[in-house]
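Novice: Structure provided below as structure tokens; questions to follow.
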Amino acid sequence: MTAGPKMRAGAATAVLALALLAVAVRAEDPYLFFDWKVAYGTKSPMGTPQKMILINGEFPGPTINCTSNNNIIVNVFNQIDQPLLFTWHGIQQRKASWQDGMPGDMCPILPGTNFTYKMQFKDQIGTFFYYPSIGMQRAAGAYGLISIHSRPLIPVPFDPPADDFGVLVGDWYTKDHTVLAKNLDTGKGIGRPAGLLINGKNEKDASNPPMFNVEEGKTYRFRVCNVGIKTTLNVRIQGHVLKLVEMEGSHTVQNEYDSMDVHIGQCLSFLSTANQKPGDYFFIASTRFIKGVSTITAVMRYKGSNTPPAAKLPDAPDGWAWSINQWRSFRWNLTASAARPNPQGSYHYGQINITRTIKLSPSRGKVDGKERYALNGVSHTDPETPLKLAEYFNATKGVFEYNLVTDTPPKEGTPIKVAPSVITAEHRTYIEIVFENPEKSIDTFHLDGYAFFAAGMGPGLWTVESRKTYNLLDTVSRHTIQVYPRSWTAVMLTFDNAGMWNLRSNLWERYYLGEQLYVSCTSPARSLRDEYNMPDNSLRCGKVVGMPLPPPYTIA
């Protein structure tokens, strides 16, 4: 029996459909799967046993080593006695604040349960890290490196290094995270850190065995993140030059430095060539801008070395001026490709008209006898119903009010209001945010969901005239920026990523006490081009439990 024309046409159509499906399957970006068992465990990072939060028994947690556009699936089993969330510091979560891991976006993973994050690290490269975002859990461990490599066909502006070293460095407290939280709740501070750690190791353990093994004449990449909660750090390598190549997801002009300041929440990559006499050398990190400098060293060993490091360490720089001048030397590499083939500098941020200026100033004071920090007079507190869910289900009444924070700071002495703090940003508008820091100590700020252009900084209060000092050509696109004492920093960005995004201080006691807010950026079109629907596996809590789903976003 021979096939007729209709049967042949149908078969051809089926073959074509299968071929297109095969192409689609082949074209899908790779998936990486992780199972994380998050539990308490005992470690001795400062030489004495203490209770910590571990991932699969490890500290630091597993490295997420991936390529741009990979799909990342992380199944988190919460085996501690507190609600848990992980946030992915610097990962933009395009159109998906559902996966951002902040208390304003997601219901927590309750003890004894699990939740699966489903993320795509879309059009990003560089060095990032993750950590728990609820309460003071960040001070108990459970952080780890995220290393995103360029796709094979996208050129990188330096030769492949001989090795790629992750360096998670930060201050450390020996007090239990619940004790730190209790101290803050009762009006006390968290005090000074007990010391510093590099990749979870103290001074003794970081040097024996050597942490970094190199060969003479070869060049190595060091991915450095300040994962602490209190102090700026300066990093350097004895006798070696640091060539900056990447900062928070952007390739940089490759300036060379003897040392580099890395502020809380910031990440960067530098290359260093093993071009000295074979031996052992110290990688050094030391605190900046606080009394009583703490220092930690780790050994970098040349192959075959039996020569110990020189006892004298190169000094860290002194004062604020050096740090500000170093920041001014950082430049975006306008000729390098980004995560896509187009040059990363093809976005001329300095030529876009600013549609709105938001000036934010932190303050602190007592509210009902308890210490609070605030931004523009409002100290954020997380409601039982996450802000994003309340907004999505049109159930904000009784949960939060928009725009309690105004675009300018209130008069000095205005009482602090404690409430969920959410400001609105019109979709795809270009906004300038000015951070003013009236404190005597440094602050750093991070915005989820975006990269911004840190255009300027200076002493005193910001004025319109301050714009004349901006770098409008090649400041680095990044997600975390420092604000020096009694100084200002201005950033600019397009709010093109619909969602609910946290803006916070990285000094974690300030974050815990309310120095944060959320930015709601909604798409009027309710289009899938702008934002994804709530994932099927999203947890529900608070007011939205049992509520029917709203009409889904569609392609408009």
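The values are calculated or read from the model by the stated rules, or taken from the named source; none is laboratory data. Predicted model, so just to flag it, every value in this text is computed and none were measured. As a convention, Cβ positions derive from the backbone with ideal geometry for all residues, glycine included, and neighbour counts pool all protein chains shown. Heavy atoms of the whole protein, side chains included, go into the accessibility calculation; ligands, DNA and RNA do not. Shrake-Rupley method; radii C 1.70, N 1.55, O 1.52, S 1.80 Å.
Novice: Please specify each residue of the range 364-400 satisfying the condition of being assigned to a loop (DSSP other than H, G, I, E, B), within 27 Å of Ala181 (Cβ to Cβ) and not hydroxyl-bearing (Ser, Thr, Tyr). Walk me through it before giving the result.
Specialist: Taking the range 364-400 first, the residues assigned to a loop (DSSP other than H, G, I, E, B) are 368-369, 376-377, 380-386, 393-400.
After this cut, where a residue has to be within 27 Å of Ala181 (Cβ to Cβ) as well, the list is 368-369, 376-377, 380-386, 398-400.
If the condition is that a residue be assigned to a loop (DSSP other than H, G, I, E, B), within 27 Å of Ala181 (Cβ to Cβ) and not hydroxyl-bearing (Ser, Thr, Tyr), then Asp368, Gly369, Asn376, Gly377, His380, Asp382, Pro383, Glu384, Pro386, Gly398, Val399, Phe400 are the ones that fit.
Novice: For the range 348-376: of the residues being within 30 Å of Ser68 (Cα to Cα) and out of contact with any strand residue (DSSP E or B) (no Cβ under 8 Å at 6 or more places or on another chain), which is modelled with the highest pLDDT? Talk me through it step by step, then tell me what you get.
Specialist: Initial filter on the range 348-376 (within 30 Å of Ser68 (Cα to Cα)): 348-352.
From what is left, the residues that are out of contact with any strand residue (DSSP E or B) (no Cβ under 8 Å at 6 or more places or on another chain) are 348, 351.
Working: His348: 93, Gln351: 96.
Checked the range 348-376; the qualifying residue modelled with the highest pLDDT is Gln351.
Novice: Now for a different question. Among the residues of the range 248-289, what is the count of those that are over 20 Å from the mean Cα position of the chain (by Cα) and outside any strand (DSSP E or B)?
Specialist: Looking only at that region, the number is 12.
Novice: So, one more: Can you tell me how many residues in the range 489-509 are open to solvent by 10 Å² or more (accessible area, probe 1.4 Å) and either in the same structural domain as Ile264 (by the TED database) or over 27 Å from Arg192 (Cβ atoms) (or both)? Show your work before the answer.
Specialist: Narrowing the range 489-509 to residues open to solvent by 10 Å² or more (accessible area, probe 1.4 Å): 494, 496, 507, 509.
Keeping just the survivors that are either in the same structural domain as Ile264 (by the TED database) or over 27 Å from Arg192 (Cβ atoms) (or both) gives 494, 496.
Residues flagged as open to solvent by 10 Å² or more (accessible area, probe 1.4 Å) and either in the same structural domain as Ile264 (by the TED database) or over 27 Å from Arg192 (Cβ atoms) (or both) within the range 489-509 amount to 2.
Novice: Can you tell me how many residues within the range 85-100 are in contact (Cβ under 8 Å) with a residue 60 or more places away in the chain, part of a loop (DSSP other than H, G, I, E, B) and either of a type in the set (A, V, I, L, M, F, W, C) or in contact with a Cys (Cβ under 8 Å, 6 or more places away or on another chain) (or both)?
Specialist: Here the count works out to 2.
Novice: Pull out all pairs, ordered by first then second residue, where Cβ-Cβ is under 8 Å, the residues are six or more apart or on different chains, the first lies in the range 314-338 and is closer than 30 Å to Gln124 by Cβ, and the second is open to solvent by 50 Å² or more (accessible area, probe 1.4 Å) and of a type in the set (Val, Ile, Thr).
Specialist: Listed pairs, sorted by first residue: Phe330/Val253; Arg331/Val253; Trp332/Val253; Asn333/Val253; Ala336/Val156; Ser337/Val156.
Novice: Could you list, in sequence order, the residues of the range 534-551 that are out of contact with any strand residue (DSSP E or B) (no Cβ under 8 Å at 6 or more places or on another chain) and surrounded by fewer than 17 Cβ atoms within 10 Å (Cβ to Cβ)? Lay out the reasoning, then the answer.
Specialist: Pass one, the range 534-551, residues out of contact with any strand residue (DSSP E or B) (no Cβ under 8 Å at 6 or more places or on another chain): 534, 536, 538, 540-551.
Scanning the range 534-551 gives Asp536, Arg540, Cys541, Gly542, Val545, Gly546, Met547, Pro548, Leu549, Pro550, Pro551.
Novice: Continuing with the same structure: Which number in (1) under 23 Å from Phe289 (Cβ atoms); (2) not in a strand (DSSP E or B) marks the one condition that Glu412 misses?
Specialist: (1)
Novice: Among the residues that make up the range 311-319, is at least one of them at pLDDT below 95, assigned to a loop (DSSP other than H, G, I, E, B), within 27 Å of Gly47 (Cβ to Cβ) and open to solvent by 60 Å² or more (accessible area, probe 1.4 Å)?
Specialist: So far as the range 311-319 goes, yes, one or more of its residues are at pLDDT below 95, assigned to a loop (DSSP other than H, G, I, E, B), within 27 Å of Gly47 (Cβ to Cβ) and open to solvent by 60 Å² or more (accessible area, probe 1.4 Å).
Novice: Identify the residue in the range 290-310 that is touching a Gly at 6+ places or on another chain (Cβ under 9 Å) and in a loop (DSSP other than H, G, I, E, B) and, among all such residues, is surrounded by the fewest Cβ atoms within 10 Å (Cβ to Cβ).
Specialist: Looking at the filtered set, the residue picked out is Asn306.
Novice: Separate question: If you go through the range 119-134 one residue at a time, do you hit one that is touching a residue at least 40 places away in the same chain (Cβ under 8 Å), open to solvent by 60 Å² or more (accessible area, probe 1.4 Å) and assigned to a loop (DSSP other than H, G, I, E, B)?
Specialist: Looking through the range 119-134, at least one residue is touching a residue at least 40 places away in the same chain (Cβ under 8 Å), open to solvent by 60 Å² or more (accessible area, probe 1.4 Å) and assigned to a loop (DSSP other than H, G, I, E, B).
Novice: Ile72 passes all but one of (1) under 28 Å from Ala390 (Cα atoms); (2) more than 23 Å from the chain's Cα centre (by Cα); which number fails?
Specialist: In the conditions (1) under 28 Å from Ala390 (Cα atoms); (2) more than 23 Å from the chain's Cα centre (by Cα), Ile72 misses (2) alone.
Novice: Within the range 77-84, can one find any residue that is closer than 25 Å to Val179 by Cβ, part of a loop (DSSP other than H, G, I, E, B), in contact (Cβ under 8 Å) with a residue 12 or more places away in the chain and of a type in the set (Val, Ile, Thr)?
Specialist: Within the range 77-84, one or more residues are closer than 25 Å to Val179 by Cβ, part of a loop (DSSP other than H, G, I, E, B), in contact (Cβ under 8 Å) with a residue 12 or more places away in the chain and of a type in the set (Val, Ile, Thr).
Novice: Continuing with this model, one more query. Does any residue in the range 101-115 that is basic (Lys, Arg) come within less than 7 Å, Cβ to Cβ, of a residue that is surrounded by 24 or more Cβ atoms within 10 Å (Cβ to Cβ) and modelled with pLDDT under 95 six or more places away or on a different chain, and which pairs are these?
Specialist: As it stands, the answer is none, since no pair meets every condition given.
Novice: Still on this structure: For the range 151-183, name all the residues that are small (Gly, Ala, Ser) and over 22 Å from Phe129 (Cα atoms). Steps first, answer last, please.
Specialist: Taking the range 151-183 and keeping what is small (Gly, Ala, Ser), we get 162, 166, 170, 181.
Ala162, Ala181 - these are the residues of the range 151-183 that are small (Gly, Ala, Ser) and over 22 Å from Phe129 (Cα atoms).
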